[in-house]
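Student: My questions all concern the structure below.
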Amino acid sequence: MIDHYRFPTNAIEKILASRERALHRPFLRQLYGEWYEVFMAEMENLPDGMKIELGSGGSFFKLVEPSVISTDSLPFPANDLTFSPLSMPFNSDSVSGIFMIDTFCQIPDTHAFLTEAQRVLKPGGKIIMVEPACSIWGRVANQWFCQKSFDRSGAWSNTLSAAYKRVNSALTWIVFERDRGRFEGDFPGLALQSVDYHTPLRYFLGGGNRFGSALVPRSSYPFFCKADEWLSGRSPHWSMFVTVTLEKKQAN
């Protein structure tokens, strides 16, 4: 991103403001905490090696799991490392886990990223990403509450706009669902383990990026957990987010 995108001059400030909202709104912080718990549960089964988070500028994962290496393509103060995801400063077969929230869809060239991720991951290592869902409700909710854009006819690269808000949030769906056959052909060393749609309501009820505060009290969180589970269980099209898990195959 740092090499291929001209981010707005206030991008860092906006992303840090988003991080503060997630940290200081109890409802939203609990939701992010659930996503981090998914990451940490996967960590227990990964091979030895570095665990890195891409797009850490808006995240507080390192506060929850200090062993993770915080990275971003923009120079945030809390970064452990700053680099483009298209050129990672790691040896081949040295990384056991790559974790991302709302980051894959912002990478300018997803094919180049997956090529690089396949190189640095150890056999048995995983990429786990939580991304905007390109479902019916996901497109409506993410466009309205998060000002995200979805181009379902797009290519594997972000050519829509250089503006931070105009990256193609449909990229996860494009690469791993619409073009799954191409993904499997181009990346035979990466196995698509799961595509899990979830969380129709809690992100925007927690205030998201659009509202100045949560729309519901924190005490309602357990109720909306059940509501999210029920709605996602009816159809993936009710989901606002999707978690994709990839694993690097063992060498033959």
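Student: Compute a Gaussian network model of the chain, connecting alpha carbons closer than 10 Å, and tell me which residue from 45, 168, 158 fluctuates the most.
Tutor: With Cα springs under 10 Å in the chain, the top fluctuation among 45, 168, 158 is at 45.
Student: Please give me the summed charge of the neighbours of residue 199: other residues whose Cβ is under 15 Å from its Cβ, Lys and Arg +1, Asp and Glu -1.
Tutor: Numbers: positive: 29, 139, 148, 202, 226, 234; negative: 34, 37, 102, 131, 196, 228, 229.
That sum, taken over residues with Cβ under 15 Å, equals -1.
Student: Work through the residues other than residue 62 whose Cβ is under 10 Å from its Cβ and net out their charges, Lys, Arg +1 and Asp, Glu -1.
Tutor: Working: positive: none; negative: 53, 65, 80.
Value of the local net charge: -3.
Student: Considering only C-alpha atoms, what is the centroid distance from segment 180-252 to segment 14-37, in Å?
Tutor: Taking the Cα centre of each part, segment 180-252 and segment 14-37 sit 16 Å apart.
Student: Related question: Among DSSP bridges having both ends in segment 11-248, what percentage is antiparallel? Round to the nearest 5.
Tutor: On the way: 16 of 32 bridges.
Around 50 percent of the beta bridges assigned by DSSP in segment 11-248 are antiparallel ones.
Student: So which GluC sites (Glu not before Pro) in segment 1-107 end up in coil per DSSP with only 14 or fewer other C-beta atoms within 10 Å?
Tutor: Details: sites: 13, 20, 34, 37, 42, 44, 53; in loops: 44.
Passing sites in segment 1-107 are 44.
Student: Tell me the label-point distance for the pair residue 140, residue 177, using the 7 Å Cα-to-Cβ offset, in nm and rounded to one decimal.
Tutor: 1.6 nm
Student: Name the long-range amide H neighbours of residue 168: under 5 Å, sequence gap of 5 or more, or other chain; modelled H, no Pro or chain starts.
Tutor: Those qualifying (amide H under 5 Å, at least 5 residues apart or on another chain) are 160.
Student: Run lengths n ≥ 4 of DSSP H only: what is the helix-derived mean residue ellipticity at 222 nm for the chain, with -39500 (n - 2.57) per run over all residues, to the nearest 500? Working shown, then result.
Tutor: On the way: 8 runs with 83 residues, N = 252.
That comes out to -10000 deg cm²/dmol.
Student: Sticking with this structure for a sec: In terms of modelled amide H atoms, which long-range or inter-chain residues lie less than 5 Å from the amide H of residue 101?
Tutor: Correct list: 130.
Student: If we count every other residue with Cβ under 9 angstrom of residue 174's Cβ, Lys/Arg +1 and Asp/Glu -1, where does the sum land? List each step's numbers first, then the result.
Tutor: Working: positive: 152, 178; negative: 151, 177, 179.
Residues near residue 174 contribute -1 overall.
Student: Place a +1 charge on the Cβ of each Lys and Arg in the chain and a -1 charge on the Cβ of each Asp and Glu, then give the dipole magnitude about the Cα centre in debye, rounded to the nearest 20.
Tutor: Numbers: 26 positive and 26 negative charges, 165 e Å.
Once rounded to the nearest 20, the dipole reads 800 debye.
Student: Binning every alpha carbon pair distance of the chain at 10 Å from zero, what are the percents per bin?
Tutor: That works out to 7, 32, 40, 19, 2, 0, in percent per bin.
Student: Something else now. Going Cα to Cα from residue 122, which lysines come in below 19 Å? Please leave out same-chain ones fewer than 8 positions away.
Tutor: Output for residue 122: 51, 248, 249.
Student: Between residue 69 and residues 5 or more places away or on another chain, which pairs have amide H atoms under 5 Å apart, with H built 1.01 Å from N, and which residues are they?
Tutor: So residue 69 has HN proximity to 51, 52, 53.
Read the figures in this text as sums done on the coordinates, not as results from a lab. Everything numeric in this text was worked out from a predicted model, so none of it was measured. Here the Cβ is made from the backbone with ideal geometry for all residues, glycine too, and neighbour counts use every protein chain on show.
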